[in-house]
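What follows is calculated from the coordinates using simple rules that are stated; it is not laboratory data. Quick caveat, the model's predicted, so the values are computed rather than measured. Every residue, glycine among them, receives a Cβ derived from its backbone with ideal geometry; neighbour counts consider all protein chains shown.
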Amino acid sequence: MRDKKHIIKAGYLLSYDYSYIFTSVKQIYDHVDIIVISYDENNKTWAGNDVFIPESFFSEIKSLDRQNKITFYKDKFFISGNAPMDLETRQRNMMAEKMGHGGWHIQIDGDEYAYDFKKLTQFLRKNKYLLANPEKNPINFQVDWVTLFRHDKSGFYIIEPFEEKCFLITNYPKYKYARRTNTGRTLSLKYRLIHQSWARDENEILEKITNWGHKNDFDTMKFFEFWKSINSENYTDFIDFHPLAAADWHKLSFFPAKNIKEFILAFEKKFPQPELTLDLSSTKKIKLWLKSLF
């Protein structure tokens with residue numbers, strides 16, 4: 001049965017970097033209808049390593065849940081012998097089922113911060129007619145990542161320009177590779193999503209690259225050594241250095257901020273979210289609207 005009450009749905013995959021989710025949830029909480037947080041019932045990562053999430057985490061999340069929007073979903077997400085990326089995709093699909101049919105599905109990672117999220121949800125609610133008949137008219141939206149690559153006591157080294165795409169929203173959550181659905185029409189939105197990504201301490205980066213979905217996609221340890229070499233004297237030397245698609249990370253710039261909270265506030269002030277528009281012809285919009293009536 002299609003859920004017509006909940007229009008904006010957010011889902012998180014919870015694992016080794018659970019502490020980042022607090023910052024992320026605070027950005028979106030007031031503007032979503034439901035949030036589902038999924039985690040492995042046997043405390044395993046996709047690589048089969050143990051992960052410890054303290055009980056205090058769940059109570060702290062609940063203390064943020066003033067309107068009872070958050071649901072925890074635990075299941076067996078690690079299966080021995082399966083590639084980490086296959087398991088990530090599987091968990092995303094299982095979580096989508098838990099989130100329920102209908103509405104805009106937003107699968108957001110714990111280290112992604114959707115500032116001025118209200119502007120994005122207003123756009124999605126305005127275009128909720130696109131939610132009708134998603135099986136026949138799948139719609140996906142991708143946004144622009146603002147990737148944070150390294151940090152020191154003075155601030156953050158970030159990837160520019162902000163052109164790396166992130167598949168974030170769909171009305172038809174049938175995932176084929178991580179958040180990619182490979183079905184229907186994919187449209188770009190000029191919305192910026194801050195991704196803390198590699199801007200972590202060394203031990204956190206090691207934990208990340210030995211457990212994430214991309215574990216087997218490139219020489220992570222070689223890239224880790226490169227990452228450690230970045231500093232205030234050489235960060236401008238590196239051009240086109242993404243490990244999978246070089247041109248996606250063109251160059252590094254420096255943004256002063258003492259911590260991530262200060263970064264988000266300062267970044268939003270310097271780069272306010274633009275007005276969002278639906279990148280479709282007037283004729284196509286009318287056709288889709290007419291289809292939504294039947």
**Request:** At a temperature of 37 °C and a viscosity of 0.692 mPa s, determine how fast the range 2-159 diffuses translationally according to Stokes-Einstein, using the Kirkwood radius over alpha-carbon pairs as Rh; express D in µm²/s, rounded to the nearest whole number.
**Result:** 193
**Request:** May I ask you to evaluate 6.51 cos²θ - 1.76 cosθ + 1.60, the Karplus curve with θ = phi - 60°, for each residue of the range 105-120 and list the ³J(HN,Hα) values in order in whole Hz, giving x for glycine and proline?
**Result:** 8, 10, 9, 10, 7, x, 9, 10, 10, 8, 6, 6, 5, 4, 5, 5
**Request:** Between the alpha-carbon centers of the range 91-135 and the range 197-240, tell me the distance in whole angstrom.
**Result:** 30
**Request:** Choose one answer from THR186, THR170, THR236: the residue with the largest mean-square fluctuation in a GNM of the chain with alpha-carbon springs under 10 Å.
**Result:** THR236
**Fill in**
Classified through the alpha carbon gyration tensor (a ≥ b ≥ c as square roots of its eigenvalues; rounded if a/c is under 1.5, else prolate when a/b is larger than b/c, else oblate), the range 74-221 comes out oblate
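Would you mind checking the pairs LYS126/LYS215; LYS251/LYS284; LYS174/LYS291; LYS9/LYS153 and listing those with alpha carbons more than 32 angstrom apart?
Working: LYS126/LYS215 39 Å; LYS251/LYS284 37 Å; LYS174/LYS291 21 Å; LYS9/LYS153 36 Å.
LYS126/LYS215; LYS251/LYS284; LYS9/LYS153, as the Cα separations exceed 32 Å there.
Counting helices only, and only those DSSP H runs with n ≥ 4, report the 222 nm mean residue ellipticity of the chain as the sum of -39,500 (n - 2.57) divided by its residues, in deg cm²/dmol to the nearest 500. Mind dumping the intermediate values first?
Details: 8 runs with 84 residues, N = 294.
That comes out to -8500 deg cm²/dmol.
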**Fill in**
Ignoring trypsin sites (Lys or Arg not before Pro) buried by more than 15 other Cβ within 10 Å or outside DSSP loops, the longest site-free run in the chain is 177-257
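Kirkwood Rh, Cα Rg: Rg to Rh for the range 187-266? Could the numbers behind the result be given before it?
Numbers: Rg = 14.1 Å, Rh = 14.6 Å.
Rg/Rh for the range 187-266 comes to 0.96.
Which shape class applies to the range 160-294: rounded if a/c is under 1.5, otherwise prolate when a/b exceeds b/c and oblate if not, where a ≥ b ≥ c are the square roots of the Cα gyration tensor eigenvalues? If you can, show how the numbers build up before the last one.
Working: a/c = 2.45, a/b = 1.66, b/c = 1.48.
Prolate is the answer for the range 160-294, as a/c is 1.5 or above and a/b outweighs b/c.
For the chain, what relative contact order do you get, as a whole percent, if you take Cα pairs closer than 8 Å and at least 6 residues apart?
Once normalised by length, the contact order is 21 percent.
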**Asked** What is the spin-label model distance, in nm, from ARG66 to ASP279 if the labels are put 7 Å beyond Cα along the C-beta direction?
**Response** 3.6
**Request:** Report the chymotrypsin sites (Phe, Trp or Tyr not before Pro) located in the range 52-101 that are in a DSSP loop and have at most 10 other Cβ atoms inside 10 Å of their Cβ, or state none.
**Result:** PHE52
**Message:** Can you give me the angle between helix 84-99 and the longest principal axis of the chain, using Cα atoms only, in degrees from 0 to 90, rounded to the nearest 10?
**Reply:** 40
**Complete:** Here, chymotrypsin sites (Phe, Trp or Tyr not before Pro) of the range 115-203 satisfying both criteria (DSSP loop; at most 16 other Cβ within 10 Å) are PHE162
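Can you give the percent of C-alpha pairs in the range 1-91 whose distance is more than 24 Å? Mind showing how you got there, number by number?
On the way: 1090 of 4095 pairs.
Pairs farther apart than 24 Å: 27 percent.
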**Complete:** Here the tail fraction of P(r) beyond 32 Å, over all Cα-Cα pairs of the chain, rounds in percent to 26
**Request:** Beyond 26 Å between alpha-carbons counts as too far, so tell me which of LYS98/LYS258; LYS5/LYS74; LYS228/LYS269; LYS222/LYS269; LYS26/LYS269 fall in that bin.
**Result:** LYS98/LYS258; LYS228/LYS269; LYS222/LYS269
